[in-house]
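Report on the structure given below.
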Amino acid sequence: MKKSVFLGTLAATTVLAGVAFGGTLDDVKKRGELICGSNTGLTGFGMPDANGNWVGFDVDLCRAIAAAVLGDATKVKFVPTTGETRFTALQSGEVDVLVRNSTWTFSRDTELALDFVAVNYYDGQGFMVKKDLGVSSAKELDGATVCIQTGTTTELNLADFFKQNNISYTPVTVADDSEAQRQYLAGACDAYTTDASGLAASRATMPDAANHIILPEIISKEPLGPVVRHGDNNWGDVVRWTYFALLIAEEKGVTKANVDEVAASTADEEVKRLLGVSGDMGPKIGLSNDAFKNAIKAVGNYGEIFAANIGEGTTINLARGLNALWTQGGLQYAPPLR
Amino acid sequence: MAENFVRSQMLPPEAPPASQSGALSWVRENLFSGPLNTILTLLGLLSLYWLVSSSLPWWLNSVWHASSLGECRTIVAASAGEGATGACWAVIRERWHQFLFGFYPQDSYWRPVLALGLLFAALAPVLFAGQKRNLAIILGCVAVFLLITLPLGGAGLVAGLLVAVLLAALLALSQSRPQGLLWFTAIYPGLCFWLLWGGPIWTPIAALAGFVVLWVVFRLLSPRIGVPVAAGVGFVAAVLWWLFAMGPVVGTLAGLLPMGLPKVNSDQFGGFLLAITIGVTAISCSLPIGILLALGRQSDMIIVKALSVAFIEFIRGVPLITLLFTASLLLQYFLPPGTNFDIILRVIILVTLFASAYIAEVIRGGLAALPRGQYEAADALGLDYWQAQRLIILPQALKISIPGIVSSFIGLFKDTTLVAFVGLMDPLKGVTQIVRADINWKGIYWEPYIFVGAIFFVICFSMSRYSMYLERKLKTDHR
């Protein structure tokens, strides 16, 4: 009885809070600063560097939103959130938007009263094994010991995969990525499983990277993307279309370097609308006309963000894969800007 | 008739037999006194050998200059051959400032350093009451520490001169009127807050003025309406001051005379700066609250007793992590939207409450250990409740509780690392995680832990040694 009263109160306050937060966009403008929920530290995606400046793939999206809303990509405050605190921090209004490699799932979208507005990285769970294990497919891992982080969806995916394929495994549970890497290198487990992007980053920093391979099977869908509070649709539109603007910019070849030049010279109607030369698109969602132009100018288009933080050429060296534009066989597809 | 032989002088003492003295005998007595001990000694030596032989190369091959873990590995492989392992201390060299200060602005490092130095100056009269020699030693050490660190931390000339004048004044005061140093201790919290967070200097001054309001009201009213009521009214007056009068006053003064330091936000705190800020505040607030709670639990007044028991048992029944999550998540739901109640402040309050409950029980143990006669003697002398507690009961009870109190403090200080779970940058997990997230240092494991662990050891061990010193100094019985 007491518990239900408490939970009821909590739910009621959440709803009230949701209503009271009706205008995140206005709040952000009034504050003059975007508060962005980020990771406490994930290689390539979001972390502070040696000088305390936040860098990474997710971080750049936050900066793009700040540039679009406030015209200045530096006006972002990053609040590090852990796996446990991230959604509550968003619900309670401590952060305006959460860009923290969070997987879009049914229950998070519905029960938690959150909205996933886009997918900025399509990830999936994979396996890494030592080359001399002589395995070339995850289905050959019968009887293997597998290092796995506890309390994550990867644990459930792993169980499902082995059950479906009628093979057995012994889990070696670890607390975090660094421990997993250590156990795996020390030979405590035959295979290490986590999101493929994480595996690539781990492999890139191993002393004998050439002796480890990432198996071809991807056993789960992990669409990662920015999250906003349910019910604040205008703010959701702002975040979603800022992201799409970065995609369209890549599609149309607009980059950080040439954005001003393109804006002055382009004949493409969609690019004109994108860069605020015509169409008054920004004001329709409460932004200025050059909002998207500012975003592109601050961080570059989607492809540039990808290349600078995690793409081929960086140490992490991830291929575009599913995250290539739809024109190049990937899944990144922006609706028309009109 | 046989001649009697009588020795006229003492024989010089013989050296004990070789088997009974010297290193050999010590070894035989202590390490090989029986079959079981012999086996244990051999096993101990074996494991020691194993431990040293397996980790020694790692320590010996330490690398200090490198810009990434990969570079460390290359250097180790080049100097000690392929397959050798070596510690990569370069990560500490590159990132030590984040372990110590988090994201605190680099050109302002002198501020936390100064706050730390002055912390010892403020603690000295409490730790070594009235001992002129010890006070001088501590203040001297503080001066030397600040002399070296302040210029490195980027302090300006003005700040340096002010600190020098302050320390000289404190030193003079410690030799003429050691009790006077307690005034510095009293204003230190305001000073420390101002140094760490910055802002106009009038904020801490106005906040301290609240205590003056409390004191004045208390002094004016206590002869007329009695001590407890006067204290209550004074407290209310002070709260009114803090809530309503302080803001405008600070605003006006800052407008008239803008003096202050650049503001630093709480989210820039991290590493040991964060751990020590939380730890020291919680430690110094939890002791008085704990004493009051312990007295409340022993009180005859039914409501006071019930409240104290309920508070203590509730807090002790809940894990610290739960309280931290409450601080970080739940409070936000109940506060009006848009309020930004500083996360560090929230955590400090909850950690203080947590520690107070434990301290209260430790002190209750001390109170319970006093013989009944002490209470009766105090009554027989005609002392009232507070006099009896202050002069007779608490000095003895606290002395008995010292080991328990200090061990609570040590535990509390180490518990500050748990704030990592609410997304704060504690030195052990928070900072280590961001360092590891850097692609250059990904995969590094032991070095950050060893570095942070060593600093924790130094701090906790010092606290423990001080408590032993205090026990010896206060020892008056003949046990």
Quiz item: Which of (1) more than 14 Å from chain A (Cβ to nearest Cβ); (2) part of a helix (DSSP H, G or I) is the odd one out, the single condition B:Thr476 does not satisfy?
Solution: (2)
Self-check item: the stretch B:196-214 residues that are on the phi > 0 side of the Ramachandran plot, paired with ones that are part of a helix (DSSP H, G or I) and of a type outside the set (S, T, N, Q) (beta carbon under 8 Å, 6 or more apart)
Solution: B:Gly198/B:Arg111
Quiz item: Exactly one of (1) within 14 Å of another protein chain (Cβ to nearest Cβ); (2) assigned to a helix (DSSP H, G or I); (3) in contact with a Phe, Trp or Tyr (Cβ under 6 Å, 6 or more places away or on another chain) is unmet by A:Ala245. Its number?
Solution: (1)
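What residue, of A:Gly198, A:Gly231, is surrounded by fewer than 21 Cβ atoms within 10 Å (Cβ to Cβ) and within 14 Å of chain B (Cβ to nearest Cβ)?
Values: A:Gly198 fails: surrounded by fewer than 21 Cβ atoms within 10 Å (Cβ to Cβ).
The conditions single out A:Gly231.
Suppose the filter is surrounded by fewer than 23 Cβ atoms within 10 Å (Cβ to Cβ) and within 14 Å of chain A (Cβ to nearest Cβ); does B:Ala420 pass it? Even if it seems obvious, please write down each step before you answer.
Working: surrounded by fewer than 23 Cβ atoms within 10 Å (Cβ to Cβ): yes; within 14 Å of chain A (Cβ to nearest Cβ): yes.
In short, yes.
Might you check whether a residue that is away from chain A (no Cβ under 11 Å), in contact with a strand residue (DSSP E or B) (Cβ under 8 Å, 6 or more places away or on another chain) and either open to solvent by less than 20 Å² (accessible area, probe 1.4 Å) or more than 21 Å from B:Val351 (Cβ to Cβ) (or both) occurs anywhere in the stretch B:445-464? Reasoning before the result, please.
First, pick out the residues of the stretch B:445-464 that are away from chain A (no Cβ under 11 Å): B:447, B:450-464.
From what's left, in contact with a strand residue (DSSP E or B) (Cβ under 8 Å, 6 or more places away or on another chain): B:447.
Retained after the next criterion (residues that are either open to solvent by less than 20 Å² (accessible area, probe 1.4 Å) or more than 21 Å from B:Val351 (Cβ to Cβ) (or both)): B:447.
Yes, the stretch B:445-464 contains a residue that is away from chain A (no Cβ under 11 Å), in contact with a strand residue (DSSP E or B) (Cβ under 8 Å, 6 or more places away or on another chain) and either open to solvent by less than 20 Å² (accessible area, probe 1.4 Å) or more than 21 Å from B:Val351 (Cβ to Cβ) (or both).
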Quiz item: Taking interchain pairs and intrachain pairs at least six residues apart, which have beta carbon atoms under 7 angstrom, with the first residue in the stretch A:147-173 and open to solvent by less than 60 Å² (accessible area, probe 1.4 Å) and the second among the acidic types (Asp, Glu) and in a loop (DSSP other than H, G, I, E, B)?
Solution: A:Gln149/A:Asp176; A:Ile167/A:Asp142
Quiz prompt | Near pairs, Cβ below 6 angstrom, 6+ apart or cross-chain, from the stretch B:248-267 (more than 29 Å from B:Asp426 (Cβ to Cβ)) to any residue that is surrounded by 13 or more Cβ atoms within 10 Å (Cβ to Cβ) | solution = B:Val249/B:Ala206; B:Val250/B:Trp202; B:Val250/B:Thr203; B:Val250/B:Ala206; B:Leu253/B:Trp202; B:Ala254/B:Pro200; B:Ala254/B:Trp202; B:Met259/B:Ile201
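If you go through the stretch A:302-318 one residue at a time, do you hit one that is farther than 19 Å from A:Ala67 by Cα, of a type in the set (A, V, I, L, M, F, W, C) and open to solvent by 60 Å² or more (accessible area, probe 1.4 Å)?
The answer is no; no qualifying residue exists.
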Self-check item: For A:Ser4: the one exception among (1) at pLDDT below 90; (2) within 14 Å of chain B (Cβ to nearest Cβ)
Solution: (2)
Quiz item: Can you find even one residue in the stretch A:271-293 that is in contact with a strand residue (DSSP E or B) (Cβ under 9 Å, 6 or more places away or on another chain) and either open to solvent by less than 30 Å² (accessible area, probe 1.4 Å) or outside any helix (DSSP H, G or I) (or both)?
Solution: no
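Would it be correct to say that B:Trp194 is assigned to a helix (DSSP H, G or I) and under 30 Å from B:Gly423 (Cα atoms)?
Working: assigned to a helix (DSSP H, G or I): yes; under 30 Å from B:Gly423 (Cα atoms): yes.
For B:Trp194, the condition - assigned to a helix (DSSP H, G or I) and under 30 Å from B:Gly423 (Cα atoms) - is met.
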Practice problem: Give me a count of the residues in the stretch A:117-146 that are more than 30 Å from A:Leu90 (Cβ to Cβ) and in a strand (DSSP E or B). | Solution: 7
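On the given criteria, is A:Pro207 open to solvent by 10 Å² or more (accessible area, probe 1.4 Å) and either assigned to a strand (DSSP E or B) or free of Cβ contacts under 8 Å to residues at least 60 places away in the same chain (or both)?
Yes: the conditions hold for A:Pro207.
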Practice problem: Could you list, in sequence order, all residues of the stretch A:184-195 that are outside any helix (DSSP H, G or I), over 15 Å from A:Leu224 (Cβ atoms) and open to solvent by 20 Å² or more (accessible area, probe 1.4 Å)? | Solution: A:Ala186, A:Gly187, A:Ala188, A:Asp190
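Conditions tested, residue by residue: (1) touching a residue at least 60 places away in the same chain (Cβ under 8 Å); (2) hydrophobic (A, V, I, L, M, F, W, C).
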site: A:Glu217; (1), (2): yes, no
site: A:Val238; (1), (2): yes, yes
site: A:Glu251; (1), (2): yes, no
site: A:Thr255; (1), (2): no, no
site: A:Glu261; (1), (2): no, no
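Within the stretch B:1-102, which helices (runs of 4 or more DSSP H) (wholly inside it) include 2 or more residues that are over 30 Å from B:Leu274 (Cα atoms) and of a type outside the set (Val, Ile, Thr)? Spell out the reasoning first.
Details: elements: B:22-30, B:35-60, B:69-80, B:90-101.
Counting at least 2 such residues, we get B:22-30, B:35-60, B:69-80.
Can you find a residue in the stretch B:454-469 that is free of Cβ contacts under 8 Å to residues at least 40 places away in the same chain and touching a helix residue (DSSP H, G or I) at 6+ places or on another chain (Cβ under 6 Å)?
No, because not a single residue in the stretch B:454-469 is free of Cβ contacts under 8 Å to residues at least 40 places away in the same chain and touching a helix residue (DSSP H, G or I) at 6+ places or on another chain (Cβ under 6 Å).
Of these, B:Leu295, B:Leu329, B:Leu335, which one is within 22 Å of B:Val126 (Cβ to Cβ), hydrophobic (A, V, I, L, M, F, W, C) and more than 22 Å from the chain's Cα centre (by Cα)? Before you say what the answer is, go through the steps one by one.
Values: B:Leu329 fails: within 22 Å of B:Val126 (Cβ to Cβ); B:Leu335 fails: within 22 Å of B:Val126 (Cβ to Cβ).
Selected residue: B:Leu295, the only one of B:Leu295, B:Leu329, B:Leu335 that is within 22 Å of B:Val126 (Cβ to Cβ), hydrophobic (A, V, I, L, M, F, W, C) and more than 22 Å from the chain's Cα centre (by Cα).
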Quiz item: So which residues in the stretch B:275-294 are open to solvent by 40 Å² or more (accessible area, probe 1.4 Å) and among the β-branched types (Val, Ile, Thr)?
Solution: B:Ile276, B:Val280, B:Thr281, B:Ile289
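Mind telling me which of the residues B:Val76, B:Val91, B:Val126 ends up being away from every other protein chain (no Cβ under 14 Å) and either modelled with pLDDT of 90 or more or closer than 26 Å to B:Pro189 by Cβ (or both)? I'd like the intermediate steps shown before the answer.
Values: B:Val76 fails: away from every other protein chain (no Cβ under 14 Å); B:Val91 fails: away from every other protein chain (no Cβ under 14 Å).
Of the residues listed, the single one that is away from every other protein chain (no Cβ under 14 Å) and either modelled with pLDDT of 90 or more or closer than 26 Å to B:Pro189 by Cβ (or both) is B:Val126.
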Quiz item: If a residue has to be part of a helix (DSSP H, G or I) and open to solvent by 20 Å² or more (accessible area, probe 1.4 Å) to count, how many in the stretch B:340-353 make the cut?
Solution: 5
Self-check item: A:Lys252 being closer than 20 Å to A:Tyr333 by Cβ and open to solvent by 30 Å² or more (accessible area, probe 1.4 Å)
Solution: yes
Quiz item: What about B:Ile402, is it part of a helix (DSSP H, G or I) and either open to solvent by less than 40 Å² (accessible area, probe 1.4 Å) or closer than 22 Å to A:Gly198 by Cα (or both)?
Solution: yes
Practice problem: Would you mind stating whether A:Asp60 is modelled with pLDDT of 90 or more, more than 14 Å from chain B (Cβ to nearest Cβ) and either surrounded by 19 or more Cβ atoms within 10 Å (Cβ to Cβ) or touching a strand residue (DSSP E or B) at 6+ places or on another chain (Cβ under 8 Å) (or both)? | Solution: yes
Quiz item: Taking the stretch B:41-81 on its own, how many of its residues are open to solvent by 60 Å² or more (accessible area, probe 1.4 Å) and in contact with a Ser or Thr (Cβ under 8 Å, 6 or more places away or on another chain)?
Solution: 0
Quiz prompt | Given (1) in contact (Cβ under 8 Å) with a residue 40 or more places away in the chain; (2) under 13 Å from B:Gln298 (Cα atoms), index of the condition B:Ile359 fails | solution = (2)
Quiz item: Across the stretch B:295-331, what is the number of residues that are more than 28 Å from B:Pro395 (Cβ to Cβ), in contact with a Phe, Trp or Tyr (Cβ under 8 Å, 6 or more places away or on another chain) and open to solvent by less than 40 Å² (accessible area, probe 1.4 Å)?
Solution: 3
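The values are calculated or read from the model by the stated rules, or taken from the named source; none is laboratory data. Note that the coordinates shown come from a computational prediction; the quantities given were computed from them, not determined experimentally. Counting neighbours? That spans all protein chains shown, and the Cβs are built from the backbone with ideal geometry, glycine included. Please note that ligands, DNA and RNA were not included when accessible areas were found on the heavy atoms of the full protein model with its side chains. Shrake-Rupley method; radii C 1.70, N 1.55, O 1.52, S 1.80 Å.
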